[in-house]
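S.K.: Here it is, the structure in full.
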Amino acid sequence: MSNQPQRQAMVAMPTAAQLGGPPPQPFIRFPFYPTAPWYSTDPNVGYQVRFYSQGLINTDADYVIGTEAIRPVAFDLPCRLIAINGACNNIAGANNITEQNMNLMYLFRAEYTTGDRLHVFARLASTVLGTGQNPGEIGGHGYNIDQGATLTLGITPLVANLRIDITLVCLEMRGPRNFSY
């Protein structure tokens with residue numbers, strides 16, 4: 001231990017170059033899409049796909065054009081968020097909304113219990129959400145969500161008379177029992 005330098009707190013966060021491994025190959029290429037979640041090697045851990053959802057409809061008290069409405073989604077089990085999909089339709093019966101333009105009618109963002117923002121700012125939903133036919137994959141290994149956590153969805157309608165539905169595609173991790181011996 002006497003050969004090692006004294007440990008101390010860093011005042012500045014490391015740069016991307018400083019986060020690389022040792023030479024001669026400090027970084028390697030690894031696929032980002034499709035999303036490839038981690039699976040436990042423990043044979044007693046099971047997995048189940050679950051679709052969590054929230055939405056906003058034009059009759060909701062907080063439906064105000066240009067103003068964000070908050071919708072919490074609570075998680076009972078630990079999971080990985082794999083994709084986020086969104087859709088909307090016009091409740092008033094106007095049929096000017098198609099699958100190609102529906103996610104241009106509102107803004108979207110998501111924030112974790114800890115304040116960690118999956119989407120740093122609200123943006124047109126088409127830039128961060130997919131559809132049922134074309135899923136909005138998170139990428140990498142997905143987004144980790146702990147048991148008991150909440151994901152806050154921010155939905156901002158940009159036009160009147162919408163029903164907006166958001167679906168979170170999750171891979172839940174389940175243990176074999178809730179007791180020990």
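Just so you know, all these numbers are worked out from the coordinates, no wet-lab data involved. Keep in mind it's a predicted model, so treat the numbers as computed, not measured. Virtual Cβ from ideal backbone geometry, glycine too; neighbours counted across all protein chains shown.
S.K.: Fully extended, how many nm does the chain gain between GLN100 and ASN58 (0.36 nm per residue separation, minus their Cα-Cα distance)?
M.R.: The GLN100-ASN58 span can extend by a further 13.0 nm.
S.K.: Select from GLY55, PHE30, VAL169 the residue farthest towards the positive end of the dipole of the chain; place +1 on Cβ of Lys and Arg, -1 on Cβ of Asp and Glu, and compute about the Cα centre.
M.R.: Farthest towards the positive pole: PHE30.
S.K.: Between ALA92 and TRP38, what is the spin-label point distance in nm, taking each point 7 Å from the Cα along the Cα→C-beta axis?
M.R.: 4.9
S.K.: With a 10 Å radius around each residue's Cβ, average the other Cβ atoms per peptide and rank 109-118, 159-168, 61-70, 145-154, highest first.
M.R.: In descending order of packing, they fall as 159-168, 145-154, 109-118, 61-70.
S.K.: Express in nm, to one decimal, how much length is gained between ASP165 and VAL120 on full extension, taking 0.36 nm for each residue of separation and deducting their alpha carbon distance.
M.R.: The ASP165-VAL120 span can extend by a further 14.1 nm.
S.K.: While we're here: With charges only on Cβ, +1 for K and R and -1 for D and E, what is the dipole size of the stretch 1-85 about its Cα centre, in debye, rounded to 20?
M.R.: That gives the stretch 1-85 a dipole magnitude of about 400 debye.
S.K.: Quick check: pseudo-label points 7 Å beyond the Cα along Cα→Cβ at GLN6 and ASP146, how many nm apart are they?
M.R.: My value for the distance between the label points is 3.3 nm.
S.K.: Beyond 22 Å, what share of the Cα-Cα pairs of the chain is found? Please give it as a whole percent. Write out the running numbers ahead of the final one.
M.R.: Details: 9342 of 16290 pairs.
Here the tail beyond 22 Å accounts for 57 percent of pairs.
S.K.: Follow-up. Name the most mobile residue of GLN18, GLN100, GLN133, meaning the one with the largest mean-square fluctuation, in a Gaussian network model of the chain with Cα contacts below 10 Å.
M.R.: Evaluated over the chain, the most mobile residue of the options is GLN18.
S.K.: Related question: Over the chain, what is the relative contact order in percent, taking alpha-carbon pairs closer than 8 angstrom and at least six residues apart?
M.R.: The normalised contact order for the chain reaches 38 percent.
S.K.: Also, quick follow-up: Highest GNM mean-square fluctuation, the chain, Cα pairs closer than 10 Å: which of TYR106, TYR33, TYR143?
M.R.: The residue with the greatest mean-square fluctuation here is TYR33.
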